[in-house]
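Contents: one structure, followed by commentary.
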Amino acid sequence: MDGNGRWAIKQGKNRSEGHKEGAKTLEKLALHAKKLGIKILSVYAFSTDNFKRSKEEVDYLMNLLIYYFQNKLNKVCEQGIKVVFSGRKTPLSSAVLEAMDKIVKKTEKNEECILNICLNYGGQEEIVDAALKISEDLNKGIIKKEDLNRESFQHYLYQDLPPIDLLIRTGKEHRLSNFMLYQSFYAEIYFTDILFPDFLEKNLDEALYYYGTRDRRFGNIKS
Ligand code: FPP
């Protein structure tokens, strides 16, 4: 969800206003994605590296997230969307962790689709954390070395979600920035200059249209 800060500066506002607007955009997009039948939407809300930002911006973002989990995402929950999180718990505050826990519990029986919120998330960190859990399970004999493969490795990630089909990067940058590296091994990547707060329902439709034009051969050749 890149470009919130630049969106705000362009409007003569402070960066935090951009995050607030970005949150509104996410609300709209989540409902739109559900309406279109998208089963899993993963969003990058806060990376492990985002802790390098000013305390003021980090605090603002954390409070915004709490506010959304406690209030604004209610509409999303009522629509049958199940909220899950990917990322490390440390050093998130107990207030953030509690709000995350509540929304997870509140939506755990929802079956329409999944909103996977990557919070205090890093793709390399996720792979390292999975490797650590695997080594523990190997030591305990819970899994055998010969049972380890691409698919079984996936079960050790923060969420056991299938590979990403379409990855959308807003805000002009052409990089993955440590987002879901394991899951995006064969993702179609859609880059757009649009800053996230301006990325509306019709822009998601355009990205999906682009996805529909791709020929996904998964390493095979056309038959
Ligand atoms: C990146 O833009 C965006 C973020 C670091 C925060 C994204 C968070 C939200 C949209 C808040 C709402 C989230 C939920 C789950 C309710 P940037 O600040 O790096 O923008 P810039 O590149 O223009 O500086």
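The values are calculated or read from the model by the stated rules, or taken from the named source; none is laboratory data. Predicted model, so just to flag it, every value in this text is computed and none were measured. Cβ: placed from backbone, ideal geometry, glycine included. Neighbour counts: every protein chain shown.
A few points about this structure:
- Residue among Leu65, Leu36 that alone is among the hydrophobic types (A, V, I, L, M, F, W, C) and within 11 Å of the ligand (Cβ to nearest atom): Leu65
Residue-wise test of (1) modelled with pLDDT of 95 or more; (2) touching a helix residue (DSSP H, G or I) at 6+ places or on another chain (Cβ under 7 Å); (3) on the phi > 0 side of the Ramachandran plot.
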residue: Gly37; (1), (2), (3): yes, no, yes
residue: Val76; (1), (2), (3): no, yes, no
residue: Lys82; (1), (2), (3): yes, yes, no
residue: Pro91; (1), (2), (3): yes, no, no
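- Selected residue (only one of Gly171, Gly219 is at positive phi and in contact with a Leu (Cβ under 7 Å, 6 or more places away or on another chain)): Gly171
- Residue in the range 114-128 that is out of contact with any Phe, Trp or Tyr (no Cβ under 7 Å at 6 or more places or on another chain), in a helix (DSSP H, G or I) and surrounded by 12 or more Cβ atoms within 10 Å (Cβ to Cβ) present: yes
- A Cβ distance below 6 Å, combined with a sequence gap of six or more or placement on separate chains, defines the contacts here; from the range 198-213, residues that are among the charged types (D, E, K, R) reach residues that are surrounded by 12 or more Cβ atoms within 10 Å (Cβ to Cβ) and part of a helix (DSSP H, G or I) in the pairs Glu201/His32.
- Only helices (runs of 4 or more DSSP H) whose full extent lies in the range 1-87 are considered here, and the ones with at least 1 residues that are closer than 26 Å to Glu111 by Cβ are 15-36, 55-67, 74-78.
- The number of residues in the range 129-180 that are in contact with a Gly (Cβ under 8 Å, 6 or more places away or on another chain), buried (at least 16 other Cβ atoms within 10 Å of the Cβ) and not hydroxyl-bearing (Ser, Thr, Tyr) comes to 4.
- Of all residues making up the range 192-221, the number that are over 30 Å from Gly5 (Cβ atoms) and not charged (D, E, K, R): 6
- If the condition is being near the ligand (Cβ under 8 Å from one of its atoms) and either modelled with pLDDT of 95 or more or aliphatic (A, V, I, L, M) (or both), then the range 22-33 contributes Gly22, Ala23, Thr25, Leu26.
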